[in-house]
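Questions regarding the structure given below will be posed in turn.
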Amino acid sequence: MQLKIFLAFFRVGMLGYGGGPASIPLVHREAVEHYKWVSAEEFGDILALGNTLPGPIVTKLAGYIGYAKGGILGAINGVFAVMMPTILLMISLFAVLSAFRDTPWVNGITNGVLPVVTVMMAVLTWSFIKKSKSDFGWKIVLPALVAGGVIIGYLNVHPAIIIVLLLAAALLQKDKTTEKENESDTGKEGK
Amino acid sequence: MTYLYIFVAFLLPGILGYGGGPAAIPLVQYEVVNRYGWMTMGEFSEVVAIANALPGPIATKMAGYIGYEVGGVFGAVVAVFATVAPSLILMIVLVSLLLKYRDSPKIKRLTMYVRPVIAILLGIITFQFLGNSLDGAGTLQTVLLIVVSFLMLERWKIHPALVIVLAIGYGAVFLG
C-alpha cells in the first residue's frame with residue numbers, strides 16, 4: 001500500500017504543471033480512477049474540504065488520502081512523494097546556476113525570464129481579481145483593491161494583519177438571510 | 001534562531017494563503033524579501049520562474065528551496081513542514097466538523113474575503129517584477145518579451161515550462 005501511495009503521488013508531483021490547483025485532475029485520476037481509493041463523490045467532498053482551509057491544496061489532498069489509506073505514515077508518504085522530487089530538482093538547478101553566477105549569460109537568463117514571470121504574475125493577479133469581482137461586484141472590489149493597495153503598499157502594514165482581520169470579519173459577520181437559507185438547505189439534506 | 005525564523009516565515013503563508021499554493025507566492029515574498037531580507041526581489045523572481053518551469057506544487061517547491069538556501073537540509077524540512085503541516089493536520093483532525101459546516105456562508109466567506117488581499121499582493125509583485133525587468137533587459141526587450149510571452153501563454157496556450165525554457169535561451173544568448 002505504501003508503495004502505491006508513493007507511486008500515485010510521485011506521478012502527480014512530476015506531471016502536474018502550473019502549481020497545485022492545476023494538479024487536482026491528476027490526483028483524481030490516481031485516487032479515483034486508477035487505484036479506486038475513494039469514490040468520485042468522496043473526492044469532491046475531500047476537495048471541498050481542502051478548499052475551506054488555507055495553504056497548498058495538492059499536499060492537503062496527498063496527505064489526507066495518504067492518511068485515509070495508510071495512516072500517519074501514509075500521510076507523510078503521500079506529501080513526501082508529491083513534493084520531494086521537484087524540490088530536489090529545484091535545488092540542483094539552482095546549484096548549477098549559482099556555479100556560473102558571475103558569467104554574463106546567467107545574468108542574461110535573469111533578464112530574459114523576468115518579463116515572462118511578470119506576465120505569469122499578471123495573469124495570476126487577474127484571475128484573483130476576476131474571482132473577487134464575481135463574489136462582490138466591481139463596486140466593492142475596485143475601492144477595496146485601491147484601499148488595500150495603499151494600506152499594504154504605502155503604509156507598509158503587514159498583509160497577515162489584514163488577512164486575520166478579514167478572516168475574523170468573515171466568521172463574526174451575521175448574515176441572517178443566507179444563514180437561514182443554509183439552515184433550511186442542510187435541514188432538507190438531513191431528511 | 002534561524003530555524004525559528006524560517007518556521008514563522010513559512011507558517012504565515014501556510015495558514016493565511018487561501019486559494020491554494022499560488023496564493024502563497026506573495027505571502028512568501030513578503031516574508032523572504034521584505035521582512036527577513038534573505039533574498040533580493042531579483043533572486044525571488046528567479047525562484048518563481050524556475051518553480052513555474054518545474055512540475056509539482058509551487059508553494060512547497062519555494063519553501064523547500066528557500067529553506068535550503070537559508071538553513072540547509074534542516075532548513076528545507078522546517079520550511080516545508082511549516083507550509084504543509086498546519087492545514088493538513090487541521091483537515092485530518094477536523095474532518096467531521098468541516099464536512100458539517102462546509103456549506104455554511106461563514107466558511108465560504110473565508111476564501112472570499114481573503115482573495116482580494118491576495119490579488120493586491122500579487123499585483124504589487126507584478127509591478128515590482130516589471131520594474132526589475134525594465135532595469136535588467138531595457139524597455140524595448142521587456143515590451144517585446146512581455147507581448148510575445150503573453151501571446152504564447154494565453155493565446156496559443158503553449159506550455160509554461162516551454163515558454164520559460166525559451167526565455168532562458170533567449171536571455172542567455174541575447175541579454176547577457
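Yes or no, residue by residue, for (1) closer than 25 Å to A:PHE9 by Cα; (2) surrounded by fewer than 17 Cβ atoms within 10 Å (Cβ to Cβ):
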site	(1), (2)
A:PRO56	yes, no
A:LEU73	yes, yes
A:PHE80	yes, no
A:MET83	yes, no
A:THR86	yes, no
A:ALA99	no, yes
A:SER134	no, yes
A:PRO143	no, yes
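Next question, about the same structure. Can you find even one residue in region B:104-112 that is facing chain A (nearest Cβ under 7 Å) and at pLDDT 90 or above?
Looking through region B:104-112, none of the residues is facing chain A (nearest Cβ under 7 Å) and at pLDDT 90 or above.
Another question about this same structure. Going residue by residue through region B:7-27, is there one that turns out to be surrounded by fewer than 19 Cβ atoms within 10 Å (Cβ to Cβ) and either within 7 Å of another protein chain (Cβ to nearest Cβ) or among the small types (Gly, Ala, Ser) (or both)?
Checked region B:7-27: no residue is surrounded by fewer than 19 Cβ atoms within 10 Å (Cβ to Cβ) and either within 7 Å of another protein chain (Cβ to nearest Cβ) or among the small types (Gly, Ala, Ser) (or both).
Moving to a separate point now. Given the residues A:LYS180, A:LYS131, which is the only one that is at pLDDT 85 or above, assigned to a helix (DSSP H, G or I) and outside the structural domain of A:PRO21 (by TED's automatic domain parsing)?
On the way: A:LYS180 fails: at pLDDT 85 or above.
Within the list A:LYS180, A:LYS131, the selection yields A:LYS131.
Within region B:86-103, track down each residue that is outside any helix (DSSP H, G or I) and farther than 17 Å from A:ALA75 by Cβ.
B:ARG102, B:ASP103 - these are the residues of region B:86-103 that are outside any helix (DSSP H, G or I) and farther than 17 Å from A:ALA75 by Cβ.
Please specify each residue of region B:153-165 satisfying the condition of being within 9 Å of chain A (Cβ to nearest Cβ) and over 20 Å from A:THR103 (Cβ atoms). Before the answer, list the steps.
Residues of region B:153-165 within 9 Å of chain A (Cβ to nearest Cβ): B:153-154, B:159-161, B:163-164.
Selection gives B:LEU153, B:GLU154, B:HIS159, B:PRO160, B:ALA161, B:VAL163.
Given the residues A:LYS69, A:LYS36, A:LYS60, which is the only one that is charged (D, E, K, R), touching a Phe, Trp or Tyr at 6+ places or on another chain (Cβ under 6 Å) and modelled with pLDDT of 90 or more? Don't jump to the end; show me each part of the working.
Values: A:LYS36 fails: touching a Phe, Trp or Tyr at 6+ places or on another chain (Cβ under 6 Å); A:LYS60 fails: touching a Phe, Trp or Tyr at 6+ places or on another chain (Cβ under 6 Å).
So the residue among A:LYS69, A:LYS36, A:LYS60 that is charged (D, E, K, R), touching a Phe, Trp or Tyr at 6+ places or on another chain (Cβ under 6 Å) and modelled with pLDDT of 90 or more is A:LYS69.
Take region B:66-100 and flag every residue that is more than 7 Å from chain A (Cβ to nearest Cβ) and surrounded by fewer than 16 Cβ atoms within 10 Å (Cβ to Cβ).
Those that are more than 7 Å from chain A (Cβ to nearest Cβ) and surrounded by fewer than 16 Cβ atoms within 10 Å (Cβ to Cβ): B:GLY72, B:VAL73, B:PHE74, B:ILE89, B:VAL93, B:LEU94, B:SER96, B:LEU97, B:LYS100.
The values are calculated or read from the model by the stated rules, or taken from the named source; none is laboratory data. Since we're looking at a predicted model, the values are computed, not measured. So basically every Cβ, Gly included, is an ideal-geometry build from the backbone, and we count neighbours across all protein chains shown.
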